[in-house]
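Notes follow once the structure below has been shown.
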Amino acid sequence: MATTEAHVAGFPQTRLRRTRMSQVLRSMVRETELSNNDFIYPLFVVPGKNVKKEVSSMPGVHQMSVDQIVRECAEVHALGIPAVIFFGIPERKDEVGSGAYDDRGVVQEALRAVKKDVPGLYLITDVCLCEYTSHGHCGIVRGDEILNDESVELLTREALSHVKAGADMVAPSDMFDGRVGAIRKVLDGHGFQNVPIMSYAAKYASGFYGPFREAAESTPKFGDRRSHQMDPANADEAIREVAQDIHEGADIVMVKPALSYLDVIYRVKRQFGMPTAAYNVSGEYAIVKAAGRMGWIDEERVMMEVLTSIKRAGADLILTYFAKEAAKVLARQQ
Ligand SMILES: [Zn+2]
């Protein structure tokens, strides 16, 4: 690139180490800095009272009943993290995921309770059916096909139900075609034209979701998600997916997972200049936690490096299970 020729004279006039020699100067020339405003903290809501059950493959992450979620949200807010995203595990699952669009569902109850007790916290909801269906798929199944348009109709009901219960933003994660436009239309039709949509725009069929499926109890009973989630080998297709969601009205576009897809985050941010989110997923979290526990890596240092790399690639927002720990590190550094 031209910049290299223009700015780099030869050694010894140029010594790139000069700006690295002091802590003060390193801080002053740093290109990427994390802040609490980058973080969205995922939370898993379950039925019952006083439930706080750790997810075994995700140390520090719990399934919580609404009363515990409220306490957790107060803590998250006090740490200076601006937003959370809710996933719900219903009392009963059925073929059509009714718990997802039930106005008394777990996520809806959590939204009402947290809005009341922690009004400053920004509440986002994951919109999908897989946590709510008995077969664990993201939509309605007929034979061995996961139906697109019929599932989208239910997703619009779920999104509307969340917004009515107090969601500030909805985040459809299913990857069915046309769902962003359909949700936008239904929200607008009910006077919620100012509620933004964060779409899981480029979501890959990834092995890094393993621990999440334990947390969300959403492992498919048969088959997999390769008919709607993307092939990890494709990046041009991600650009088409993101373009389509923007066209349908997405306000924020997300790439998921983050670490093996930093090139996709980079391309999406470059190409569209949209507010871009990245999901630092459960498997990425579990790997760092496991190696940290084994004493094989410096967990805190690797955590901050992982989050910085995601931001450096182009993410404005990072959904991460590390949010609370990272916020504590940032507070210490100030
Ligand atoms: Zn799903």
Which of the following residues is among the β-branched types (Val, Ile, Thr) and more than 18 Å from the chain's Cα centre (by Cα): Ile239, Ile287?
Ile239
Can you tell me which residues in region 313-334 are open to solvent by 40 Å² or more (accessible area, probe 1.4 Å) and in a helix (DSSP H, G or I)?
Glu325, Lys328, Ala331, Arg332, Gln333
For Gly136, the lone unmet condition from (1) modelled with pLDDT of 95 or more; (2) at positive phi; (3) not basic (Lys, Arg) is (1)
Which of the residues spanning region 139-171 are at pLDDT 95 or above, closer than 18 Å to Asp102 by Cβ and within 13 Å of the ligand (Cβ to nearest atom)?
Ser151, Leu154, Leu155, Glu158
Met254: passes all of (1) away from the ligand (no atom under 16 Å from the Cβ); (2) out of contact with any Pro (no Cβ under 8 Å at 6 or more places or on another chain) but (1)
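Please find, within region 80-138, the residue that is farthest from the ligand (Cβ to nearest atom) out of those that are hydroxyl-bearing (Ser, Thr, Tyr) and in a loop (DSSP other than H, G, I, E, B).
Restricting attention to region 80-138, the residues satisfying the condition of being hydroxyl-bearing (Ser, Thr, Tyr) are 98, 101, 122, 125, 132-134.
Next cut, in a loop (DSSP other than H, G, I, E, B) only: 132, 134.
On the way: Tyr132: 9, Ser134: 14 Å.
So, considering only residues that are hydroxyl-bearing (Ser, Thr, Tyr) and in a loop (DSSP other than H, G, I, E, B), the one farthest from the ligand (Cβ to nearest atom) is Ser134.
Looking at region 274-284, can you tell me whether even one residue there is open to solvent by 30 Å² or more (accessible area, probe 1.4 Å) and farther than 22 Å from Thr125 by Cβ? Spell out how you get there, then give the answer.
Going through region 274-284, the residues open to solvent by 30 Å² or more (accessible area, probe 1.4 Å) turn out to be 274-275.
Now restrict to residues that are farther than 22 Å from Thr125 by Cβ: none.
Checked region 274-284: no residue is open to solvent by 30 Å² or more (accessible area, probe 1.4 Å) and farther than 22 Å from Thr125 by Cβ.
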Residue pairs meeting the criteria (Cβ under 6 Å; at least 6 apart or on separate chains; first at positive phi, in region 167-188; second within 16 Å of the ligand (Cβ to nearest atom)):
Met175/Lys203; Met175/His228; Met175/Gln229; Gly178/Val152
Over region 73-94, the set of residues more than 18 Å from the chain's Cα centre (by Cα) and under 20 Å from Glu109 (Cα atoms) is Ala74, Glu75, Pro90, Glu91, Arg92, Lys93, Asp94
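Out of contact with any Pro (no Cβ under 8 Å at 6 or more places or on another chain), of a type in the set (A, V, I, L, M, F, W, C) and within 16 Å of the ligand (Cβ to nearest atom): does that describe Met294?
Values: out of contact with any Pro (no Cβ under 8 Å at 6 or more places or on another chain): yes; of a type in the set (A, V, I, L, M, F, W, C): yes; within 16 Å of the ligand (Cβ to nearest atom): no.
Criteria not met by Met294.
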Checking the structure you have, find out if any residue of region 75-92 is without any contact (Cβ under 8 Å) to a residue 40 or more places away in the chain, touching a Ser or Thr at 6+ places or on another chain (Cβ under 9 Å) and over 29 Å from Leu317 (Cβ atoms).
yes
Does Ile252 satisfy the criteria of being farther than 18 Å from Tyr41 by Cα, under 14 Å from the mean Cα position of the chain (by Cα) and crowded, with 18+ Cβ neighbours inside 10 Å?
no
Given the structure, is Ala100 of a type in the set (A, V, I, L, M, F, W, C) and within 21 Å of Gly136 (Cα to Cα)?
yes
Run down Ala286, Ala243 and say which single residue is in contact with a Pro (Cβ under 6 Å, 6 or more places away or on another chain) and either under 30 Å from Lys185 (Cβ atoms) or in a helix (DSSP H, G or I) (or both).
Ala286
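The values are calculated or read from the model by the stated rules, or taken from the named source; none is laboratory data. If you're wondering where the values come from, they're calculated on a predicted model, not measured in any experiment. We place every Cβ from the backbone using ideal geometry, glycine too, and count neighbours over all the protein chains shown. Heads up: the accessible areas ignore ligands, DNA and RNA and are worked out on the full protein's heavy atoms, side chains in. Shrake-Rupley method; radii C 1.70, N 1.55, O 1.52, S 1.80 Å.
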